[in-house]
């Protein structure tokens with residue numbers, strides 16, 4: 001157990017729908033990062049939050065949004081889902097990224 | 001220009017042999033960190049090893065070691081005595097101040113260990 005909790009582990013939904021992915025960071029970590037990994041691809045950085053505020057934005061679609069709550073857990077909202085959004089979505093956390101991230105086990109999203 | 005380059009998309013290695021996975025990086029900042037992560041077929045991302053740019057010695061963690069050649073901007077991962085369970089994707093990543101301490105990722109190398 002890495003200490004970063006992601007729920008759900010698997011999600012199957014239809015095109016056009018909206019889903020919410022949840023992440024609880026490791027205790028003491030202030031930063032949360034969201035990544036998307038499509039099949040056999042590398043990691044695409046989506047967005048980073050630090051202590052409740054957005055810190056950096058990557059290739060995140062306008063249909064996607066995220067937030068970090070006062071208790072530091074984070075949610076990634078994906079709306080108007082398309083088949084191409086099927087991917088593994090990772091959350092990672094760190095205190096300050098100096099020594100890297102700790103990853104959650106990911107949410108595997110399948111859009112049908 | 002690519003900041004992290006992993007030139008080997010895939011590798012096959014015989015069990016018990018040593019493996020070297022290549023990673024070259026590009027940065028002008030003197031302070032940076034290099035990481036290797038393993039992603040088995042189950043999907044989770046597992047931290048393996050870290051090397052700081054000012055570290056005098058190459059990092060080691062059990063069967064993993066990092067062959068850090070600063071002048072060549074190379075940070076190759078060496079796995080000694082490979083095991084079937086080492087079959088996975090391996091990602092090299094770099095942290096630098098210019099990127100606001102984001103990790104910059106390579107494309108990964110798929111390692112398959114043959115029995």
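A few remarks follow.
- Any chance residue B:32 is more than 14 Å from the chain's Cα centre (by Cα), within 30 Å of residue A:50 (Cα to Cα), buried (at least 18 other Cβ atoms within 10 Å of the Cβ) and modelled with pLDDT under 95: yes
- Within region B:1-98, strands (runs of 3 or more DSSP E) holding 1 or more residues that are closer than 22 Å to residue A:39 by Cβ and in contact with a strand residue (DSSP E or B) (Cβ under 8 Å, 6 or more places away or on another chain): B:10-14, B:19-21, B:33-39, B:46-52, B:88-95
Okay, residues lined up against (1) within 20 Å of residue A:103 (Cβ to Cβ); (2) touching a helix residue (DSSP H, G or I) at 6+ places or on another chain (Cβ under 6 Å); (3) loosely packed, with under 13 Cβ neighbours inside 10 Å:
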{"residue": "B:64", "(1), (2), (3)": "yes, no, no"}
{"residue": "B:84", "(1), (2), (3)": "no, no, yes"}
{"residue": "B:87", "(1), (2), (3)": "yes, no, no"}
{"residue": "B:94", "(1), (2), (3)": "yes, no, no"}
{"residue": "B:105", "(1), (2), (3)": "yes, no, no"}
{"residue": "B:110", "(1), (2), (3)": "yes, no, no"}
{"residue": "B:113", "(1), (2), (3)": "no, yes, no"}
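- Exactly one residue among A:99, A:49, A:89, A:33 is within 23 Å of residue A:1 (Cα to Cα), surrounded by fewer than 16 Cβ atoms within 10 Å (Cβ to Cβ) and either in contact with a helix residue (DSSP H, G or I) (Cβ under 8 Å, 6 or more places away or on another chain) or within 14 Å of chain B (Cβ to nearest Cβ) (or both), and that residue is A:99.
- Tallying residues that are surrounded by 12 or more Cβ atoms within 10 Å (Cβ to Cβ), within 16 Å of residue B:103 (Cα to Cα) and touching a helix residue (DSSP H, G or I) at 6+ places or on another chain (Cβ under 9 Å) within region B:1-28 yields 2.
- Out of B:48, B:34, B:21, one residue alone is more than 17 Å from residue A:41 (Cα to Cα) and away from every other protein chain (no Cβ under 13 Å). It is B:21.
- Yes/no for residue A:59 being more than 21 Å from residue A:2 (Cα to Cα), in a loop (DSSP other than H, G, I, E, B) and in contact with a strand residue (DSSP E or B) (Cβ under 8 Å, 6 or more places away or on another chain): yes
The values are calculated or read from the model by the stated rules, or taken from the named source; none is laboratory data. Predicted model, so just to flag it, every value in this text is computed and none were measured. Every residue, glycine as well, gets a Cβ built from its backbone with ideal geometry; the counts of neighbours run over all protein chains shown.
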